[in-house]
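Here the structure comes first, spelled out in structure tokens, and everything after it is commentary.
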Amino acid sequence: MENQTMMRWITCIFVALSISGCATSNSLQPGTGGSTFEVREHDYDEIWNAAVTVASRSLSIVESNKETGILRAEKGAGMATMGEIVGIYIRPTENDAPMYTVEVQSLKRSKLQITGQDWTVTMIAGMKAELEQ
């Protein structure tokens, strides 16, 4: 009986830690440490369309606000992962700027999560490839 009680407590603690450390798409905010790159010779609409195209290939878009330049997406949980969340932020949001800055952030859903993908490189490389076409 004592072993069963101990196992229940361990399970409860593990579940509580897992839940308390979960990241959501709102955990990502522009200017908080993502990887950035600059884009010239393209307008805002082209850059936005590249971001949407690349994100939707492998992820589910959960927020898409072209007016604010914010795109958030997620990869659902799988056999060995709790999933990941990705934010893509484009600044400025006007079509006539000489240069744009694109910031990409990627987080695992849980601090305890060992497996999972960092989507930063995939998103940046994909956007650059889309813009070169």
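Hey, among the residues in region 49-71 that are in contact (Cβ under 8 Å) with a residue 40 or more places away in the chain and under 17 Å from PRO92 (Cα atoms), which one's surrounded by the fewest Cβ atoms within 10 Å (Cβ to Cβ)? Checking each candidate, the answer is ASN49.
Pull up region 94-104, narrow it to residues that are modelled with pLDDT of 95 or more and assigned to a loop (DSSP other than H, G, I, E, B), then point me to the one that is surrounded by the fewest Cβ atoms within 10 Å (Cβ to Cβ). The qualifying residue surrounded by the fewest Cβ atoms within 10 Å (Cβ to Cβ) is PRO98.
Across region 107-129, the number of residues qualifying as at pLDDT 90 or above and either touching a Leu at 6+ places or on another chain (Cβ under 9 Å) or of a type outside the set (Val, Ile, Thr) (or both) comes to 7.
The values are calculated or read from the model by the stated rules, or taken from the named source; none is laboratory data. Here the structure is a predicted model, which is why all the values come from computation and not from measurement. Neighbour counts are summed over all protein chains in view; Cβ atoms, including those assigned to glycine, are modelled from backbone coordinates with ideal geometry.
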